[in-house]
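Student: One structure follows; several queries about it will come next.
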Amino acid sequence: MIILRYTGWLFLIVLLACNNNKVVEPVVSDQAELNTSMIRLTGLNGQAVNMELYKGKTLFINFWATWCKPCLQEMPSIQRMMEKIKAEDIVFLFASDETSEQIEDFKKRNNYPFQYVQAENMEELKIMALPTTYIFHKSGKLVYNEMGYRQWDDQSNIDLILRITKTK
């Protein structure tokens, strides 16, 4: 009887988790107070990234690592999405807390047109899993965050980013 009950719950969880019909909307998370000024990034040259440069632009930051399989699986879909929406005023940054040498080595082995940076405060940002993606509105306020892999070139995800970009 107990096994039957657990099997029923397991079936329900799997069924709900596999529901691909949900509408993807920007979410306000427990980090709703987070804004771009709280992100500390460094270029691979060791220079601090001035986050003020991105004021007035939608900012997509993907936190990743060279050893992270889901991160690596997600990258081609992000590249395809970037190509589809290149006319939009969106900045894409790829932040890792690994050394600049590790990131440079990855960059040489992979032909992605990404702007790689080093993340200096991932723990402070409460990033618990990779990949994690933050999307900031042009006002600098966090409007979307998600932990885990996403097929970014799927039209619903492109629409999500375009809605964020067009929001005043």
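Student: Go through (1) closer than 23 Å to Val49 by Cα; (2) more than 16 Å from the chain's Cα centre (by Cα) one by one and return the number of the condition Gln155 breaks.
Tutor: In the conditions (1) closer than 23 Å to Val49 by Cα; (2) more than 16 Å from the chain's Cα centre (by Cα), Gln155 misses (1) alone.
Student: Being under 17 Å from the mean Cα position of the chain (by Cα), acidic (Asp, Glu) and assigned to a helix (DSSP H, G or I) narrows it down to one residue among Glu74, Glu104, Glu98; which is it? Spell out the reasoning first.
Tutor: Working: Glu104 fails: under 17 Å from the mean Cα position of the chain (by Cα); Glu98 fails: assigned to a helix (DSSP H, G or I).
Only one candidate passes the filter, namely Glu74.
Student: Oh, and also: Which members of segment 75-106 meet the condition of being within 14 Å of Gly43 (Cα to Cα) and without any contact (Cβ under 8 Å) to a residue 24 or more places away in the chain?
Tutor: From segment 75-106, those within 14 Å of Gly43 (Cα to Cα) are 92-104; that's our starting set.
If the condition is that a residue be within 14 Å of Gly43 (Cα to Cα) and without any contact (Cβ under 8 Å) to a residue 24 or more places away in the chain, then Thr99, Glu101 are the ones that fit.
Student: How many residues, within segment 34-60, are under 17 Å from Ser100 (Cα atoms) and touching a residue at least 40 places away in the same chain (Cβ under 8 Å)?
Tutor: Here is the first cut: in segment 34-60, the ones under 17 Å from Ser100 (Cα atoms) are 40-49.
Retained after the next criterion (residues that are touching a residue at least 40 places away in the same chain (Cβ under 8 Å)): 40-46, 49.
Residues that pass the stated criteria total 8.
Student: Does at least one position in segment 113-127 carry a residue that is β-branched (Val, Ile, Thr), under 12 Å from the mean Cα position of the chain (by Cα) and surrounded by 16 or more Cβ atoms within 10 Å (Cβ to Cβ)? Spell out the reasoning first.
Tutor: Of all residues in segment 113-127, those β-branched (Val, Ile, Thr) come to 117, 127.
Narrowing further to those that are under 12 Å from the mean Cα position of the chain (by Cα): 127.
If we keep only those that are surrounded by 16 or more Cβ atoms within 10 Å (Cβ to Cβ) too, we end up with 127.
Scanning segment 113-127, I find at least one residue that is β-branched (Val, Ile, Thr), under 12 Å from the mean Cα position of the chain (by Cα) and surrounded by 16 or more Cβ atoms within 10 Å (Cβ to Cβ), so the answer is yes.
Readers should treat all values here as calculations from the given coordinates under stated rules, not as data from a laboratory. Computed from a predicted structure; not experimentally measured. No Cβ is skipped: glycine too gets one built from the backbone with ideal geometry, and neighbour counts run over all protein chains shown.
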